1. Starting from residues that are modelled with pLDDT under 95 and assigned to a loop (DSSP other than H, G, I, E, B), keep the ones in region 94-111 and report whichever is nearest to the chain's Cα centre (by Cα).
2. Please enumerate the residues belonging to region 79-119 that are loosely packed, with under 13 Cβ neighbours inside 10 Å and closer than 24 Å to residue 8 by Cα.
3. Could you list, in sequence order, all residues of region 1-43 that are in a helix (DSSP H, G or I), of a type in the set (D, E, K, R) and modelled with pLDDT under 95?
Amino acid sequence: MANNTTLTGKKVLWVEDDQFLGELISKKLISSGCATTYASSGEKALEELAKNTPDVVLLDIMLPGGIDGFAILEKMRANPAQKDVPVILFSNLNSKEDVQKGMKLGASRFLIKATLVPDEIVTEIESVLNEKSKS
């Protein structure tokens, strides 16, 4: 069972090019007490990361423009201020190679969009933040 208090006041950067899905997840996160920032492209995500370091990033892999989720994750892991920020990759790409690449780059989780509902995403965020607080 989700414990919403663990998300209260947490900053979540949500990077997703599907506007409907983005709004759906943002509403769920806000109702869980999160402060959310939404970016619809890799470029916008990097702009947001330059302004603010979130507590966790939900990151789609396939994004419009020249910067995909893997590139964003690589840039975050190379930045001392962001190298420890948990990143949950969120995609419909589910090949073994994509999952392995994401984990090798330092993702905390790799979730498949088609198999999740918003409550499960909130639960995964809580789980990742709990793991980070224990380390």
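The values are calculated or read from the model by the stated rules, or taken from the named source; none is laboratory data. Please read these numbers as outputs of a predicted model, since none were measured by experiment. Glycine also receives a Cβ, built like all others from the backbone with ideal geometry; neighbour counts cover every protein chain displayed.
1. 94
2. Correct list: 81, 83, 84, 117, 119.
3. Across region 1-43, the qualifying residues are 23, 27, 28.
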